[in-house]
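The next block holds one structure in the form of structure tokens; read it before the comments.
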Amino acid sequence: VRFWGAARAAKHALRHIAKDGSITLTGGMLAHRPMPGAPLTTASAHTTEGLAMGLARDLAPVRVNAVCLGLILSEQVQGMGESTIRSFTANLPLPRGGTVEEAAEAYLYLMRNTYVTGQVVRVDGGGTALAADWDGNYWDDYQGFDLDGDGFGDLPYQWRSLAGQLTS
């Protein structure tokens, strides 16, 4: 849905958009901070940004951009509970979830600025500034891919950023 839904929506909306209009797609931070065990989700998240850049060239002068959202305190996210939200945001440079209004400002900026196209605006509390440094597993019982088919993951997941290796 993330790629084909956006591509089809852009295709069908194009005939209704003014020549100086814009299309703004939505992506997610998994493209930049992948979680263990989610390579397909990560790849899918990247497609939105690539689509925005590609469409910006092909559909010009219609502008095409994307907003890449971190944890935004929507009704759905608030239903996750305060402790879960805190666990996702505690290490961010801005250690909180973003408001819906803060996310909306990114969309408004991209729609109003007539000299911006092919860009991705990240609204993530500074999460992009952090290395994707996972130590252990996101899910307590995740043990890596089950390559031997025995019903259990084969390897625990551990990954460190290159900068972490250089400084230790």
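The values are calculated or read from the model by the stated rules, or taken from the named source; none is laboratory data. Here the structure is a predicted model, which is why all the values come from computation and not from measurement. Here the Cβ positions follow ideal geometry from the backbone for every residue, glycine too, while neighbour counts run over all protein chains shown.
Matching residues to (1) modelled with pLDDT of 90 or more; (2) surrounded by 17 or more Cβ atoms within 10 Å (Cβ to Cβ):
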{"residue": "R2", "(1), (2)": "no, yes"}
{"residue": "I17", "(1), (2)": "yes, no"}
{"residue": "L25", "(1), (2)": "yes, yes"}
{"residue": "G28", "(1), (2)": "no, yes"}
{"residue": "A38", "(1), (2)": "no, no"}
{"residue": "T41", "(1), (2)": "no, no"}
{"residue": "S44", "(1), (2)": "no, yes"}
{"residue": "E49", "(1), (2)": "yes, yes"}
{"residue": "A52", "(1), (2)": "yes, yes"}
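Within the range 23-46, residues that are within 16 Å of F88 (Cβ to Cβ) reach partners that are modelled with pLDDT of 85 or more and part of a loop (DSSP other than H, G, I, E, B) with beta carbons closer than 7 Å, at six or more positions or on different chains, in the pairs M29/G70; M29/D124.
For first residues located in the range 82-108 and farther than 10 Å from L71 by Cβ, partners that are part of a loop (DSSP other than H, G, I, E, B) and hydrophobic (A, V, I, L, M, F, W, C) and lie 6+ apart or on another chain with Cβ distances below 6 Å form the pairs T99/L73. For the range 47-68, which residues satisfy the criterion of being free of Cβ contacts under 8 Å to residues at least 60 places away in the same chain and of a type in the set (D, E, K, R)? The answer is D58, R63. Taking the range 51-121 as the region of interest, the helices (runs of 4 or more DSSP H) fully inside it that hold 2 or more residues being hydroxyl-bearing (S, T, Y) and within 29 Å of D20 (Cα to Cα) are 100-112.
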